[in-house]
Structure formats: C-alpha cells, structure tokens
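Notes follow once the structure below has been shown.
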Amino acid sequence: PLVLGIETSCDETGVGIVRGHTLLADAVASSVDEHARFGGVVPEVASRAHLEAMVPTIQRALKEAGLAASDLDGIAVTAGPGLAGALLVGVSAAKAYAYALGKPLYGVNHLASHICVDQLEHGALPEPTMALLVSGGHSSLLLAPDITSDVRTLGSTIDDAAGEAFDKVARVLGLGFPGGPVVDKRAREGDPQAIRFPRGLTGSRDPLYDFSFSGLKTAVARWVEERRREGVEVPVADVAASFQEAVTDVLTRKAIRACRDNGVDHLMIGGGVAANSRLRSMAQERCADAGIELRVPRPKLCTDNGAMVAALGAEMVARNVAPSSLDLPADSSLPVTEPHIPGTGAD
Ligand code: ATP
Ligand code: MG
Ligand code: FE
C-alpha cells in the first residue's frame, strides 16, 4: 500500500511516503533552532511552526516521491502522544487531505511508529518484536506480538527518559539544546572509563526491566559543580563519555536480559536516542556476543520523521485495520499500548 504519513508531535514537521516497506520520500522541517534560546521546546512556538511548514512539507514529500496525492491508498497521522497543539496541526491537515481526496485516515501512535519504521530499513518486523524505545519522553522495553494492535510494556522509566537525561546533562555542561547530538559528539574525544557514574536500578533486588536516569543526572551535576566550586577545569569530553557509557550500559544490559528471558532472538532499538553512536556500537557488540540479531534504523529514521508514521499506516492498511473516523481526536497522552485510535463509526 502507498501511504503518506504526517508527524507533528514535537518540533519536527515530518511528511513521509512509503510503499509497503519501501521508503519513497522523507521530508522534515524542524523548528529546533527557534527553541534553542529557550533551552527546550516551547509548545506555542512549535504549533505555529507546524502550521507554516505543514502544506509545503506535504508538497515537498509528494514531489520527492514523484506522486500525486490522488495516487495514495491512505493518510496516516500521529494522533499522540505529544504536545497537544502541535498534534492538532497534523491531525487537522490529515483529516483535510483524507476528506478532500476520499482516502482512509489512520490516527497512529508515535511510539509504535518509532518501532515500525525499522521495516523501511530491515524489512518485516519479527513477531513478537522486542523493542527498546528510547526517546525524549520515553524509555521502555516493549514486546509487540502485532505492532498494529498489540504492544505490551515490560518495563519503563520510573523518572526521566534517556533523551531527557542527555538534554539535562548537556545543559549542566553548557553544551546547549538539544543535548543528545552534542553530548554524542563531545563524548567521542573523551574517556568513557574516566568517571564511574551510577547505573540506576541494576541491583539484585531492583525491577529487571525498569529504568531510572534521574540519579545519574544528579550525580553528573554534583560531580561537575564540585569541580567548579574548587576552581578545577571540568573535563567536558570525559564527563560526556562517562555519562553516555552509564546510560548505554544500563539500556543494553536490560534489553538483552529481556530478550533472553522472553526467548526472543532479536532486538529493535528505536526513538531519538537510538541515533546515539555509542548506544549503537555497544548494542552491536553485546548483541553479537549474546547471539541476538540487532535491528536499528539509520539515525535519520530514529529521530522524529513522517516516514515512520507512513510505515505504521501502511502496515495498518496491509492488515485491514479499520480506519479512524474524521472526528479523530489528538490524544497528547495516548498510551504506548494503543497503536492506533480506532474509528467511532461517526462517518
Ligand atoms: P517521544 O518520542 O518520547 O515523544 P520526542 O519525539 O521528543 O519524544 P525523539 O525525537 O524521538 O523524541 O528523540 C529526541 C531525543 O533524542 C532528545 O532527547 C535528543 O536529545 C535525543 N537524541 C537525538 N540524537 C541523539 C544522539 N545522537 N544521542 C543521544 N540522544 C540523542
Ligand atoms: Mg525533535
Ligand atoms: Fe519521538
């Protein structure tokens, strides 16, 4: 099926087009530069930027794919979770196109999309899929017997998300926003063994699949403040590398444990933090040692984009999932266990 996907849950206006598992277009406009001076995404600024970028980005994607909108079999859109005002822009645009073109509408889950996007990279997902979802707002281990209808949570963060920890540590180090990419870059010149930062929830009595990054973030902040108080220069690259090592150590250890315990022989890693170079290399090494096949999409497909939404939409069409209604709501707190918002039968 030929599906166009629209993503506006945060600060990226993404429009992607896929045919089944084949990526035909991936147009992304980001308002990240407008948020940088505030040190975080400002919802109102994001909504306005989506409004301005929406139609041009749809047109750019169609042009890139060499298609007319009338060729499409369906329109998919992120219905949640995310920023309410930002989501509304995408949902409204998707409804308008679906209605005007007479095409089915699929309101899909942003988190399930972060997983399903891997079909564009490595073909059909195994069933069940074991996924480590690590992004700006989420860090979870998920087991999905069917990515369009059945996603289960094995564990998740009890405080900060992994991406949030990267963003906060970058702020402590004065590296700006967003933190993930710049911490990744600075860490390459640092020694990951320089400082032993805590590995949250890895004790013998701790929950096996839950995460905690708030203690790590505080430990990094304390370590840095102490040096500053003493007037000692902060070894930014070493701190970045050691922090990154602690995050990736816990993430990969727990993910592999989950695979073993559940008799699953592959691991999918998705979400913005899956773009991290150390997470990718460590997962590669440890999965190889454990005899687990690793599936991680290319970095551009890990961070927010429209192709991931189109990928999940195409899977919905392929599996004859009933489309959403034209009164589809945006649900800012849509749980990961609901891959899509079913129709109400209103149209
Ligand atoms: P969610 O998907 O939970 O709704 P989101 O859509 O805002 O949140 P994503 O776009 O999936 O999040 O991911 C953004 C996060 O990924 C940010 O916290 C960012 O710092 C982090 N990130 C991006 N690139 C990297 C990288 N190379 N290393 C580490 N973190 C990264
Ligand atoms: Mg973003
Ligand atoms: Fe995301």
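We did not get these values from a lab; they are worked out from the coordinates using the rules stated. Computed from a prediction, not measured in an experiment: that's the story for all the values here. Positions of Cβ are backbone-derived with ideal geometry, glycine not excepted, and every protein chain shown enters the neighbour counts.
Values for this structure:
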read-out	value
Test: residue in region 219-230 that is touching a residue at least 40 places away in the same chain (Cβ under 8 Å), buried (at least 18 other Cβ atoms within 10 Å of the Cβ) and over 17 Å from M282 (Cβ atoms)	yes
Matching residues, region 285-300, being touching a strand residue (DSSP E or B) at 6+ places or on another chain (Cβ under 6 Å) and part of a helix (DSSP H, G or I)	C287
Unique match (being part of a helix (DSSP H, G or I), away from ligand 3 (no atom under 16 Å from the Cβ) and within 18 Å of S140 (Cα to Cα)) among V224, V250	V250
Residue list for region 106-156, restricted to those being within 13 Å of ligand 3 (Cβ to nearest atom) and among the β-branched types (V, I, T)	V108, I115, V117, V134
Search result, residues across region 63-78 that are touching a helix residue (DSSP H, G or I) at 6+ places or on another chain (Cβ under 6 Å) and crowded, with 18+ Cβ neighbours inside 10 Å	G74, I75, A76, V77, T78
A241 vs. criteria within 26 Å of the chain's Cα centre (by Cα), free of Cβ contacts under 8 Å to residues at least 60 places away in the same chain and buried (at least 19 other Cβ atoms within 10 Å of the Cβ)	yes
Residue match in region 256-267 (condition: part of a helix (DSSP H, G or I), β-branched (V, I, T), without any contact (Cβ under 8 Å) to a residue 40 or more places away in the chain and surrounded by fewer than 24 Cβ atoms within 10 Å (Cβ to Cβ))	yes
Only one of A221, A161 that is touching a His at 6+ places or on another chain (Cβ under 7 Å) and either more than 30 Å from P235 (Cα to Cα) or not β-branched (V, I, T) (or both)	A161
Pick from region 30-45, criterion in a helix (DSSP H, G or I) and within 9 Å of F177 (Cβ to Cβ), ranking: farthest from ligand 2 (Cβ to nearest atom)	A36
Residue satisfying all of: in region 98-145; more than 26 Å from R280 (Cβ to Cβ) and either of a type in the set (F, W, Y) or in contact (Cβ under 8 Å) with a residue 24 or more places away in the chain (or both); nearest to ligand 1 (Cβ to nearest atom) among these	G107
Residue list for region 235-272, filter: under 19 Å from R295 (Cα atoms) and either among the aromatic types (F, W, Y) or within 16 Å of ligand 2 (Cβ to nearest atom) (or both)	G270, G271, G272
Flag if P56 is touching a residue at least 60 places away in the same chain (Cβ under 8 Å) and either surrounded by fewer than 20 Cβ atoms within 10 Å (Cβ to Cβ) or part of a loop (DSSP other than H, G, I, E, B) (or both)	no
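Results for (1) closer than 30 Å to Y97 by Cα; (2) out of contact with any strand residue (DSSP E or B) (no Cβ under 6 Å at 6 or more places or on another chain), shown as yes or no for each residue.
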{"position": "D238", "(1), (2)": "no, yes"}
{"position": "R260", "(1), (2)": "no, yes"}
{"position": "H266", "(1), (2)": "no, no"}
{"position": "G270", "(1), (2)": "yes, no"}
{"position": "N276", "(1), (2)": "no, yes"}
{"position": "A318", "(1), (2)": "yes, yes"}
